[in-house]
Amino acid sequence: MKPICTLLLLLFTTLGFAQTDLRIYDIINSVSAERIEKDVTTLANFGTRHTLSDTVSQTRGIGAARRWIKSEFEQISSNCNDCLEVFYQKDIVKKGDNARIVHDVWVVNVVAIQRGTKYPNRFIIMSGDIDSRVSDPADFTSDSPGANDNASGMAGTLEAARVLSKYQFESSIIYVGLSGEEQGLYGGKGLAAHAKEKGWDIVGILNNDMIGNITGVDGVVSNRDFRIFSEPVPPTETEQQRNARRFYGGEVDGISRQLARYVYHTTKTYMPEMNPMMIYRLDRFGRGGHHRPFNDAGFAGIRIMEAHENYTQQHQDIRVEDGIAYGDVLEHVNFGYAKKLTAVNAINLASIAWGPPAPETVEIGGIVEPNAKLKWSKVDGAVGYKIYWRDTTSPTWDNYRYVGDVTEHTLEGIVIDNFFFGVAAIGKDGHESPVVFPNKILR
Ligand SMILES: [Zn+2]
């Protein structure tokens with residue numbers, strides 16, 4: 001190789017991945033709190049969006065709400081040369097399936113796919129929920145504005161589609177309004193099954209459920225904190241994989257946890273003013289969300305939400321009792337904060353959809369040696385790879401080494417026992433795949 005080429009290559013490998021992508025800042029700045037406010041208001045004004053509510057009225061009930069969401073996606077699509085494939089995905093749920101299904105109902109999701117140019121069958125998903133509820137989960141007629149739970153997540157999803165539809169991505173992005181959440185996570189179950197049936201390669205789902213409350217019931221007020229919930233390991237792992245974890249580690253390194261760390265890392269890089277909290281659990285204590293059915297199907301999925309909840313404003317009949325105003329009404333939603341969490345989603349969707357796929361296999365070795373050795377499968381479209389490692393007690397990937405376009409590397413003097421390791425593929429604009437925890441032993 002000529003010296004000049006070597007110099008250029010050196011420059012590229014040292015600067016190429018280290019710089020940030022300026023388009024990501026444009027995406028952050030393009031997210032509009034005003035448009036989110038407008039959409040949350042429209043959604044709240046459908047009176048109720050209960051899954052079992054009216055589907056005929058043009059102004060009230062879940063039918064009117066989903067038709068409006070579909071028409072919004074179609075409008076966004078018409079502004080980007082029909083860049084979105086918009087459709088309903090639906091399943092019938094029979095009366096008595098659980099106590100909350102008091103009559104037969106079609107659970108209808110509204111899906112918009114922005115097709116990737118290079119990996120059309122690889123998908124990263126952002127979801128919000130269409131449906132709402134009051135105190136009695138079977139009450140499908142009372143006013144249930146569900147402004148924060150979960151018009152905020154739905155409006156954020158629409159807004160992310162508006163902003164990202166101005167760009168082209170290598171992988172596909174799905175923006176989806178899921179229904180049936182409050183009745184038993186039916187919409188997520190339906191879409192996850194649909195994805196399996198279609199053979200979609202799902203990178204993961206960013207499930208947004210309540211992204212607009214900044215005043216906690218505990219008195220804490222913060223428009224910077226938010227939570228990323230992720231389960232430790234997939235429920236679909238085999239007995240063999242479970243057994244291997246005892247000897248090789250991985251108790252806190254499942255695919256959903258890696259997706260959570262990805263979102264944490266991207267946020268810290270581009271929105272350092274935010275305070276993402278990695279929560280090491282599937283969801284809030286004993287509670288549910290629409291990422292779970294994706295986890296159940298073996299896909300990565302996380303919940304993104306506010307850090308400080310107010311329980312008097314969730315799942316409540318609108319009323320005043322002992323001087324407390326109950327109800328999930330518009331005036332409690334902070335649209336500036338919903339904008340920030342929408343931006344968190346948008347930059348992660350963009351980063352994943354611009355980045356290469358992750359290596360399929362990552363092998364690790366170094367037993368009774370002073371060095372850790374890693375070897376991984378080559379990724380088409382990657383310009384290089386990063387080896388990440390961290391203390392076994394650390395929640396985040398704190399150390400890395402960029403190793404260029406190779407498929408194996410030895411970390412000299414780093415003892416395998418004392419750290420956890422992983423490998424990410426790096427694309428030409430510096431965007432990374434999620435980190436892959438070793439899934440094979442290198443002998
Ligand atoms: Zn809810």
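Okay, here's what the table says:
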quantity	calculated
Strands (runs of 3 or more DSSP E) wholly inside the stretch 335-430 that include at least 2 residues being closer than 19 Å to F123 by Cα	419-426
Which listed residue, of I101, I69, I113, I76, is hydrophobic (A, V, I, L, M, F, W, C) and either free of Cβ contacts under 8 Å to residues at least 60 places away in the same chain or assigned to a strand (DSSP E or B) (or both)	I113
Checklist (1) aliphatic (A, V, I, L, M); (2) touching a residue at least 40 places away in the same chain (Cβ under 8 Å); (3) away from the ligand (no atom under 13 Å from the Cβ) applied to M210, failing item	(3)
Only listed residue being within 16 Å of the ligand (Cβ to nearest atom) and either free of Cβ contacts under 8 Å to residues at least 12 places away in the same chain or at positive phi (or both), chosen from G128, G153, G96, G146	G146
Tally of residues being in a helix (DSSP H, G or I) and in contact (Cβ under 8 Å) with a residue 12 or more places away in the chain across the stretch 252-300	20
Residue tally, condition open to solvent by 10 Å² or more (accessible area, probe 1.4 Å), among the aliphatic types (A, V, I, L, M) and touching a strand residue (DSSP E or B) at 6+ places or on another chain (Cβ under 7 Å), over the stretch 334-371	2
Subset of the stretch 30-60 [of a type in the set (A, V, I, L, M, F, W, C) and surrounded by fewer than 18 Cβ atoms within 10 Å (Cβ to Cβ)]	A33, V56
Residue selected from the stretch 120-151 under the condition assigned to a loop (DSSP other than H, G, I, E, B), under 24 Å from F335 (Cβ atoms) and out of contact with any Lys or Arg (no Cβ under 7 Å at 6 or more places or on another chain), by the criterion most open to solvent (accessible area, probe 1.4 Å)	D143
Criterion (open to solvent by 50 Å² or more (accessible area, probe 1.4 Å) and of a type in the set (V, I, T)) met by exactly one of V383, V436, V406	V406
Sole exception among (1) over 26 Å from G187 (Cβ atoms); (2) buried (at least 21 other Cβ atoms within 10 Å of the Cβ); (3) touching a Phe, Trp or Tyr at 6+ places or on another chain (Cβ under 6 Å) for T267, by number	(3)
Yes/no for L158 being part of a helix (DSSP H, G or I), away from the ligand (no atom under 13 Å from the Cβ), assigned by the TED database to the domain that holds K340 and within 24 Å of A358 (Cα to Cα)	no
Pairs where the first residue, in the stretch 177-192, is in the same structural domain as R49 (by the TED database) and within 13 Å of the ligand (Cβ to nearest atom) and the second is of a type in the set (S, T, Y) and part of a helix (DSSP H, G or I), C-beta under 9 Å, 6+ apart	L178/Y186; S179/Y186; G180/Y186
Residue count for the stretch 194-212, restricted to those that are part of a helix (DSSP H, G or I) and either out of contact with any strand residue (DSSP E or B) (no Cβ under 8 Å at 6 or more places or on another chain) or open to solvent by less than 10 Å² (accessible area, probe 1.4 Å) (or both)	4
Residue within the stretch 101-114 that is among the acidic types (D, E) and away from the ligand (no atom under 15 Å from the Cβ) present	yes
Tally, over the stretch 213-229, of residues that are more than 16 Å from the ligand (Cβ to nearest atom) and either within 16 Å of V111 (Cβ to Cβ) or not in a loop (DSSP other than H, G, I, E, B) (or both)	5
Residue within the stretch 106-121 that is under 22 Å from L185 (Cα atoms) and of a type in the set (K, R) present	no
Residue within the stretch 301-318 that is away from the ligand (no atom under 16 Å from the Cβ) and either part of a helix (DSSP H, G or I) or open to solvent by 30 Å² or more (accessible area, probe 1.4 Å) (or both) present	no
Test: residue in the stretch 325-333 that is at negative phi, surrounded by 24 or more Cβ atoms within 10 Å (Cβ to Cβ), aromatic (F, W, Y) and in contact with a helix residue (DSSP H, G or I) (Cβ under 8 Å, 6 or more places away or on another chain)	no
Test: residue in the stretch 248-263 that is touching a Gly at 6+ places or on another chain (Cβ under 9 Å) and among the aromatic types (F, W, Y)	yes
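The values are calculated or read from the model by the stated rules, or taken from the named source; none is laboratory data. None of the values given here were measured: they were computed from a predicted structure. Heads up, the Cβs are rebuilt from the backbone with ideal geometry, glycines too, and the neighbour counts pull from every protein chain shown. Accessible surface areas use protein heavy atoms only, side chains included; no ligands, DNA or RNA. Shrake-Rupley method; radii C 1.70, N 1.55, O 1.52, S 1.80 Å.
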